[in-house]
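The structure under discussion appears below in the form of structure tokens.
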Ligand code: MG
């Protein structure tokens with residue numbers, strides 16, 4: 001939704017005129033339709049057969065920052081093995097759940113997919129542990145926020161043409177990411193809401209799966225959670241004895257139960273919005289999400305994960321190690337800014353240099369950050 005701007009010139013006379021040879025998905029009135037397409041910061045000719053959000057999706061998938069998600073940790077570093085999720089596989093699971101929600105609720109699935117692929121692209125190395133270090137480093141310069149950094153990556157850092165910087169994503173995408181960076185008011189559209197919902201459904205389920213597989217969680221302690229106990233009661237007896245099968249059934253049932261609840265609850269909400277436009281549902285504060293009962297169980301699961309997984313001694317030790325390593329690397333760059341790329345044009349010591357250092361490190365993968373630490377701090 002972009003009420004303050006004129007629509008893209010091609011979209012003024014409706015979906016058919018807007019699309020030309022481009023196919024827009026058939027969606028409900030309250031979804032982002034062709035007429036809601038807000039154009040790009042830099043005008044570009046329309047593509048012959050991909051709609052603007054499909055082009056956004058492809059630009060995100062083909063950019064370097066997206067590929068680097070394969071070596072950025074979600075919760076567990078590479079030292080824990082190779083079963084657990086990375087930031088990339090988490091992203092793909094979010095997209096999978098969000099597309100299901102979007103399709104069933106007749107939202108714009110192309111926009112949902114692009115938003116899901118983008119949603120974690122601004123994460124620095126070592127996840128939230130790394131983010132906290134960067135935030136403290138930039139305390140006097142506005143702090144660090146991975147959602148805001150995502151905007152910097154796609155608007156400034158990534159280069160795909162000599163004519164302008166950035167990926168030139170649609171304003172619809174940028175508006176959603178801007179909202180994610182500030183989280184004030186309501187999301188600019190329902191597509192943005194289902195991506196946020198899918199994010200938490202995905203990470204709760206896969207963090208549980210990873211922690212059980214790693215032996216960080218005790219199955220019997222988990223059974224104290226009603227949401228898990230209910231699922232466990234319905235498990236076939238044979239699978240209850242086999243811990244791996246039991247874990248997999250638990251995780252997929254957990255996702256299925258929450259997605260089904262979100263769909264049923266959202267359908268009730270949307271039944272009062274027949275014929276409404278995207279702008280009307282946003283201005284009316286329509287919120288898609290889980291039922292009250294399911295939300296309570298989800299919150300309980302999140303508290304359990306916080307206490308038993310994110311604060312597990314092994315996870316805390318890995319977090320502390322990553323944080324001390326990143327702090328040392330920040331200091332090394334500050335003491336020796338000539339080590340920055342394009343060092344001939346780096347700013348003088350002060351806030352601008354700190355921002356440049358933080359941006360450089362935030363774009364690194366976990367492994368590259370470790371190698372830089374070896375090179376600049378340990379001098380090996
Ligand atoms: Mg996420």
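The values are calculated or read from the model by the stated rules, or taken from the named source; none is laboratory data. If you're wondering where the values come from, they're calculated on a predicted model, not measured in any experiment. Neighbour counts are summed over all protein chains in view; Cβ atoms, including those assigned to glycine, are modelled from backbone coordinates with ideal geometry.
Would you say residue 90 is touching a residue at least 60 places away in the same chain (Cβ under 8 Å), surrounded by fewer than 23 Cβ atoms within 10 Å (Cβ to Cβ) and within 16 Å of the ligand (Cβ to nearest atom)?
Judged against the criteria, residue 90 is not a match.
Would you point out which residue out of 135, 140, 56, 79 is buried (at least 21 other Cβ atoms within 10 Å of the Cβ) and either within 15 Å of the ligand (Cβ to nearest atom) or assigned to a helix (DSSP H, G or I) (or both)?
None of the other options fit; the residue is 56.
Could you grab me the full set of residues in the range 63-76 that are more than 19 Å from residue 370 (Cα to Cα) and either without any contact (Cβ under 8 Å) to a residue 40 or more places away in the chain or within 15 Å of the ligand (Cβ to nearest atom) (or both)?
66
Across the range 181-197, which residue is nearest to the ligand (Cβ to nearest atom) among those that are at negative phi and surrounded by fewer than 18 Cβ atoms within 10 Å (Cβ to Cβ)?
Applying the filter and picking the extreme gives 181.
Is it fair to say residue 363 is outside the structural domain of residue 79 (by TED's automatic domain parsing) and crowded, with 16+ Cβ neighbours inside 10 Å?
Considered against the rule, which asks whether it is outside the structural domain of residue 79 (by TED's automatic domain parsing) and crowded, with 16+ Cβ neighbours inside 10 Å, residue 363 comes out as yes.
State which residue is farthest from the ligand (Cβ to nearest atom) when the search covers only the range 198-220 and only residues that are over 28 Å from residue 263 (Cβ atoms) and touching a residue at least 12 places away in the same chain (Cβ under 8 Å).
Here the answer is 219.
Does residue 118 count as within 15 Å of the ligand (Cβ to nearest atom), buried (at least 21 other Cβ atoms within 10 Å of the Cβ) and farther than 26 Å from residue 373 by Cα?
The answer is yes for residue 118.
Does residue 85 satisfy the condition of being surrounded by fewer than 21 Cβ atoms within 10 Å (Cβ to Cβ), within 16 Å of the ligand (Cβ to nearest atom), touching a residue at least 60 places away in the same chain (Cβ under 8 Å) and not assigned by TED's automatic domain parsing to the domain that holds residue 361?
yes
Considering 130, 122, 116, 102, which residue is in the same structural domain as residue 273 (by TED's automatic domain parsing) and assigned to a loop (DSSP other than H, G, I, E, B)?
122
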